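> Let me give you the structure first, and then I'll get to my questions.
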Amino acid sequence: MNPIVRPRRLRQSPAVRRWVSQTRLHPADLVLPLFVKEGISEPAPISSMPGVVQHTLDSLVEAAREAIDAGVGGLMVFGVPAERDEIGSGATDPDGILNVALRRLRDEFGASTVLMADLCLDEFTSHGHCGVLTETGAVDNDATLEIYGRMAVAQARAGAHVVGPSGMMDGQVEVVRAALDDAGFTDVIVLAYAAKYASAAYGPFREAVDSALQGDRATYQQDPGNLTESLREVRLDIEQGADIVMVKPATLYLDVIAAVKQTSDVPVAAYHVSGEMAMIEAAAANGWIDRDRMVTEQLTAIKRAGAQIILTYYAAEVARRLG
Ligand code: PBG
């Protein structure tokens with residue numbers, strides 16, 4: 001037996017493998033999510049996300065600077081308010097923690113990075129849902145839209161280059177786009193969390209934002225078994241003016257990323273979420289997997305599937321490693 005065709009030829013050395021590598025991560029692909037908490041004087045660790053913290057305004061700026069210096073594509077900011085109410089007033093208040101943080105980051109970094117804001121009410125509501133509730137406790141789609149419009153404008157005024165509507169309310173992209181345009185923010189980019197699944201992988205995020213959520217988000221986030229529904233959500237969001245569409249979580253939904261990539265003519269993003277990180281960290285802490293290799297492998301798989309933008313808590317670390 002003497003094979004003529006030998007695929008192993010192209011795997012023979014690091015140099016050859018590097019030369020024929022089809023999927024390369026680049027620092028600019030990576031977006032770092034950051035949490036900023038109101039009223040704390042020291043950064044607070046998040047136990048289920050080792051290395052990730054709830055920032056003070058000052059430590060937020062430092063972490064942002066390090067990530068920008070490492071070459072990340074941008075920052076996605078989440079606010080953790082000291083007080084919450086039924087309607088999430090802190091989200092639209094110019095003095096709400098997220099808007100204060102955006103203003104600070106925009107003053108500090110201007111257009112040298114891409115500043116993104118999570119546009120959702122769950123961090124700001126006392127019940128932890130992504131929208132306001134009806135008298136019977138259901139999430140009220142249309143009443144929520146009106147608040148999302150105002151929230152988008154508040155974030156744009158505070159300096160966000162990008163708003164990321166993530167509440168999975170019907171019509172959210174259309175309302176946000178119209179509100180931004182009416183207020184003169186025609187250049188503000190809408191990154192739509194278009195295909196967002198009701199996933200167990202957001203568990204650690206609840207700790208990260210001190211969420212009070214009772215129940216689940218199954219009436220607005222998608223059922224994990226549904227693929228076609230994602231294509232519909234993506235199509236609607238693009239029709240409504242989304243500039244970028246996102247799939248979330250990432251590694252459990254690589255087929256969705258691939259299908260969305262095939263059917264969309266806008267950039268596709270994916271969010272490697274808190275639980276995806278926590279699973280890596282927990283296994284690595286037990287010595288069961290090689291953490292750095294697993295991180296690289298997962299991010300590479302997400303890019304290979306078709307996501308050109310990856311939101312990941314590993315963004316700064318990996319960008320530095322890619323250096
Ligand atoms: C909504 C939002 C969530 C995440 C990002 N934006 C929570 C949710 O939808 O339940 C989760 C991100 C993560 O788990 O890392 N504000």
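Every number in this text was worked out from the coordinates using simple rules, so none of it is lab data. Since we're looking at a predicted model, the values are computed, not measured. When we count neighbours, we look across all protein chains shown, and the Cβ atoms used for this are built from the backbone with ideal geometry, even at glycine.
> Cβ neighbours within 10 Å, averaged per peptide: list 294-304, 117-127 in order, most packed at the top.
On the way: 294-304: 19.1, 117-127: 24.5.
Order by mean packing, descending: 117-127, 294-304.
> Right, next: Taking the Cα-to-Cβ direction at residue 301 and at residue 89 and moving 7 Å from each Cα, how far apart do the two end points lie in nm?
Label-label distance for residue 301 and residue 89, simple model: 4.6 nm.
> In µm²/s, what is D for region 86-142 at 37 °C and 0.692 mPa s, where D = kT/(6 pi eta Rh) by Stokes-Einstein and Rh is the Kirkwood radius from Cα pairs?
Details: Rh = 12.7 Å.
Rounded to a whole number, D works out at 259 µm²/s.
> Region 121-136 to region 6-67: how many Å between their Cα centroids?
For region 121-136 versus region 6-67, the Cα centre distance is 31 Å.
> Give me the percent relative contact order of the chain, please, defined on Cα pairs under 8 angstrom at least 6 residues apart.
Numbers: 639 pairs, mean separation 61.2, N = 323.
19 percent.
> Next up: Which FRET efficiency value, to the nearest 0.05, do you get for residue 228 and residue 26 by plugging their Cβ-Cβ distance into 1/(1 + (r/R0)^6) with R0 = 35 Å?
Details: r = 32 Å, r/R0 = 0.91.
E(calc), rounded to 0.05, equals 0.65.
> Here is a follow-up. Specify which residue in the list 203, 271, 120 is farthest towards the positive end of the charge dipole of the chain, using unit charges on the beta carbon of Lys, Arg (+1) and Asp, Glu (-1), about the Cα centre.
Farthest towards the positive pole: 271.
> Now, a different point. So, in nm, how far is label residue 170 from label residue 206 when the simple model puts each one 7 Å beyond its Cα toward the Cβ?
With each label point 7 Å from Cα toward Cβ, the separation is 2.8 nm.
> How big is the charge dipole of region 18-112 about its Cα centre, in debye rounded to the nearest 20, if each Lys and Arg gets +1 on its Cβ and each Asp and Glu gets -1 on its Cβ? Could the numbers behind the result be given before it?
Values: 8 positive and 14 negative charges, 113 e Å.
Dipole of region 18-112, to the nearest 20 debye: 540 debye.
> Residues of region 134-170 with amide nitrogen under 12 Å from the 7 Å Cα-to-Cβ point of residue 106?
Counting backbone N atoms under 12 Å from the label point, the list is 152-163.
> Let me ask something additional. Which of the chymotrypsin sites (Phe, Trp or Tyr not before Pro) across region 251-323 are loop residues per DSSP, with 11 or fewer other Cβ within 10 Å? Write down the numbers at each step before the final one.
Working: sites: 253, 271, 288, 313, 314; in loops: 288, 313, 314.
Here the chymotrypsin sites (Phe, Trp or Tyr not before Pro) that fit, given the DSSP loop and packing criteria, are 288.
> Further, regarding this structure: Given the convex hull of the Cα atoms of the chain, what is a quarter of its surface area in nm²?
18.6 nm²
> Report, in debye and to the nearest 20, how large the dipole of the chain comes out about its Cα centre when Lys and Arg carry +1 and Asp and Glu carry -1 on their Cβ. Mind dumping the intermediate values first?
Numbers: 29 positive and 43 negative charges, 472 e Å.
Dipole size: approximately 2260 debye.
> Hey, can you grab everything whose amide H is under 5 Å from the amide H of residue 194? Only 5+ residues off in sequence or another chain; H modelled, so Pro and N-termini drop out.
The list, which skips near neighbours in sequence, is 246.
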